[in-house]
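Q: One structure, pasted below without further comment.
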Amino acid sequence: MIKKRKILIVIADYYSGISNSLLDSAKKTLIKPFKLQVITVPGVFEIPVIISKNIKKFDAFIALGCVIKGETPHFDFISQATTDAIMKLSIDYKKPIGNGIITSLNKKQAFSRSKKKGQEAAKAVLSVLKNF
């Protein structure tokens, strides 16, 4: 049995429809006994700094958002930098961070994935919390 844990969801709302779907998906998995807080940021690049600022206040984190590939290398830089920063925070502070950030080729693909990706990130966090 997992004791009541504090989980922070940091969600990028650049693509609000996709973000809302991700959040709904994650919340379906995070029923009691968890204390949830949600912080919204403009894009996925801002997610790691919010997690870093709150790293000592919460037991676990879930990062939600979406990056859609465009015609420039921006997609690659943002996706890689965000993933690397999230992994570094998780390892350095020994706290689970579920990565529910979708990287896709178009909005249709992203929306389709959003229906389960938040839930997958939440389940990953819960699985790791069992070992703490």
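Just so it is clear, none of the values below were taken in a lab; they were calculated from the coordinates. The structure presented is a predicted model; accordingly, all values stated were derived computationally and were not measured. Cβ placement follows ideal geometry from the backbone for every residue including glycine, while neighbour counts extend to all protein chains displayed.
Q: I need the fraction of alpha carbon pairs in the chain separated by more than 17 Å, rounded to a whole percent.
A: Numbers: 4583 of 8646 pairs.
Result for the distance tail: 53 percent.
Q: How large is the dipole of the chain about the Cα centre if only Lys and Arg carry +1 and Asp and Glu carry -1, each at its Cβ, rounded to the nearest 20 debye?
A: Working: 23 positive and 9 negative charges, 174 e Å.
Using Cβ point charges on Lys, Arg, Asp and Glu, the chain gives about 840 debye.
Q: A follow-up question, please. Build a GNM of the chain with springs between Cα atoms under 10 Å: which of Leu105, Leu22, Leu89 gets the top mean-square fluctuation?
A: Comparing Leu105, Leu22, Leu89 in a Gaussian network model of the chain, the most mobile one is Leu105.
Q: Now, a different point. How many Å³ per residue does the convex hull of the Cα positions in the range 1-64 occupy? Walk me through the numbers on the way to the answer.
A: Values: hull volume 4.3 nm³, N = 64.
Convex hull volume per residue, Cα atoms: 66 Å³.
Q: Using the Cβ atoms and a cut-off under 10 Å, what net charge is assigned to the surroundings of Lys95, where Lys and Arg are +1 and Asp and Glu are -1? Intermediate values should be presented prior to the final figure.
A: Values: positive: Lys56, Lys94; negative: Asp59, Asp92.
So the surrounding residues net to 0.
Q: Just rank Asp13, Asp76, fewest to most, by other beta-carbon atoms within 10 angstrom.
A: Details: Asp13 17, Asp76 12.
If I rank by nearby Cβ atoms, fewest first, I get Asp76, Asp13.
Q: Could you line up Ser21, Ser16, Ser112, Ser90 from fewest to most neighbouring Cβ atoms inside 10 Å?
A: Working: Ser21 23, Ser16 12, Ser112 15, Ser90 20.
Fewest-to-most ranking of Ser21, Ser16, Ser112, Ser90: Ser16, Ser112, Ser90, Ser21.
Q: Near Asn20, within a Cβ-to-Cβ distance under 12 Å, what is the net charge of the other residues, with Lys and Arg +1 and Asp and Glu -1? Mind dumping the intermediate values first?
A: Details: positive: Lys27, Lys115; negative: Asp13, Asp24.
Combined, the nearby Lys, Arg, Asp and Glu give 0.
Q: Still on this model: What number, rounded to the nearest 500 deg cm²/dmol, is the helix-based mean residue ellipticity at 222 nm of the chain, given -39500 (n - 2.57) per DSSP H run of at least four residues and division by all its residues? Please list the in-between numbers first.
A: Working: 4 runs with 64 residues, N = 132.
Using -39500 (n - 2.57) per qualifying helix, the result is -16000 deg cm²/dmol.
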